[in-house]
Each structure stands twice: as C-alpha cells, then as structure tokens.
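Take a look at the structure set out below.
Derivation of every value follows stated rules applied to the coordinates shown; laboratory data play no part. These numbers were taken from a predicted model, which means no experiment stands behind them. Here the Cβ is made from the backbone with ideal geometry for all residues, glycine too, and neighbour counts use every protein chain on show.
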Amino acid sequence: VNKPLAGVVSRGHELLAEVVGPGDLVVDLTAGNGYDTLCLARLAGADGQIIAFDIQPEAIESTRQRLAAAGFSPRLHEGGERPLPRRGGIDLLAAGHELLAEYLPAAPRAVVANLGYLPGGDPRIRTSAEPTLRALQQASRLLAKGGRLVVVVYTGHPGGEEEGAAVSRFFAELDQGSFQVIRFQVLNRTQAPYLLAAEKMPGST
Ligand SMILES: C[S@@+](CC[C@H](N)C(=O)[O-])C[C@H]1O[C@@H](n2cnc3c(N)ncnc32)[C@H](O)[C@@H]1O
C-alpha cells in the first residue's frame, strides 16, 4: 500500500517509532486532540511514562477521551506535584509546556510538539514563539542521548510565520557536535506545514 508522501504528522510518528520503545519516558508538549499522545502511549507501552501538556481544558478532555477509547487510563493533573514521580502510565497535565523542566522526573527519550491551535477548537488559543522556545530549550537540554525532538510547524494562521521562523532558527542553531537536525516539507505548495526533528547524538556531551 502506498502511503502519502508528504504527511508531516505521520512522518513525525515514524521518527518517534524509530527510537521509542517499551518502558521509555516520553513527552507531548501539546496534547491537543491526543493523536501524538496516543502514538507515544502505544510505543512506550504500559511500563512507559507519557507526560502530555496542554493549557486548554477542551484539549485535555479530548485527549483523555481518545486515550480512554484506545483502552488507556490517563492520570489527570491540575498542576500539583513537581517533578512528577517516574512511573508507568500517562500523566495529562493542565499546564504550560514552558514548565517542562519542573515536571520531568528523568531524561526523556522523545519530545513531540504539534504547534498552532486545537483543530476544531478556538483558533485564538495557540502556541506562540516565546513559550514554545522555552519548552524546546529545556527539551533539548534534558533529552536522553539518542533521543529525538520532533516538532510540526504550521504557518497559515496569525502568528504562525513568526513562531515558525523562531523555531526553525532554534533547530538550525543546535550545536552540530551534539545534534543532527532535519527538516521535511512539501516544496511546491505555499504555507505547507513542516516537520523539524533533532536527534541528540549518542556521543554528545
Ligand atoms: C495543534 S494543537 C496539538 C495537536 C495534538 N498534538 C494532536 O495530536 O491532536 C496545539 C495545542 O497546543 C496547546 N497549547 C498552546 N499553548 C500551549 C502551552 N504554552 N503549553 C501547552 N500547550 C499549549 C493548545 O491548547 C492546543 O491544544
């Protein structure tokens, strides 16, 4: 069966599947409707720990429902305990991803973000450059060696171009001795979303 050539979300999931396995600690910075959280939950399994952030109650609920329909029982947190204990299962956090370092119990194997606004939700509630960069800086510092940071960027909404430019610059400036960085995008379409991914090299300091 031919897969679509250009799906940035599914390509992102493939990049995650190459490094995430049973028992791993992984993070979704933008739970949204839960597609990425569910992907991570399946890859990390019952012994894995999945920590998913979102600032919007609608997104937390949508993710909870998607996970429940797939047989998972996430724990819900309204802030509270930091760092979270290291344990198996899914922690759904009603908190901003810029607080990533405060909540993380250990080095994550993968961190994913899907920027922009909640599909089907309020388009005014969206990610923005400053908190996104803070989260990505923490993620790149804390990521386990061999781990990956996978981000999907959309530029068609207000503020999207600016955020995308800032996030692209962040990836492009990651130290080449410590990270390998790629970008994936349809080139013959305007405002096509794109995928940025970085792998922390096993030999990095
Ligand atoms: C494009 S959606 C995510 C889609 C999701 N990954 C999925 O698989 O369905 C972006 C989400 O980021 C959330 N968001 C915006 N700013 C945030 C922040 N500072 N911290 C955490 N989530 C944030 C929004 O509420 C929205 O639900």
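Mind listing whichever residues of region 158-204 are loosely packed, with under 15 Cβ neighbours inside 10 Å and within 17 Å of the chain's Cα centre (by Cα)? If the condition is that a residue be loosely packed, with under 15 Cβ neighbours inside 10 Å and within 17 Å of the chain's Cα centre (by Cα), then 182, 183 are the ones that fit. If I filter region 17-28 for residues that are assigned to a helix (DSSP H, G or I) and surrounded by 15 or more Cβ atoms within 10 Å (Cβ to Cβ), do I get at least one hit? No: region 17-28 contains no residue that is assigned to a helix (DSSP H, G or I) and surrounded by 15 or more Cβ atoms within 10 Å (Cβ to Cβ). Of all residues in region 123-133, those that are within 9 Å of the ligand (Cβ to nearest atom), in contact with a Gly (Cβ under 9 Å, 6 or more places away or on another chain) and either polar (S, T, N, Q) or in a helix (DSSP H, G or I) (or both) total 3.
Residue 155 passes every criterion in (1) part of a helix (DSSP H, G or I); (2) of a type in the set (Ser, Thr, Tyr); (3) within 16 Å of the ligand (Cβ to nearest atom) apart from (1).
Can residue 31 be described as surrounded by 14 or more Cβ atoms within 10 Å (Cβ to Cβ), within 12 Å of the ligand (Cβ to nearest atom), assigned to a loop (DSSP other than H, G, I, E, B) and aliphatic (A, V, I, L, M)? When the stated conditions are applied, residue 31 passes them.
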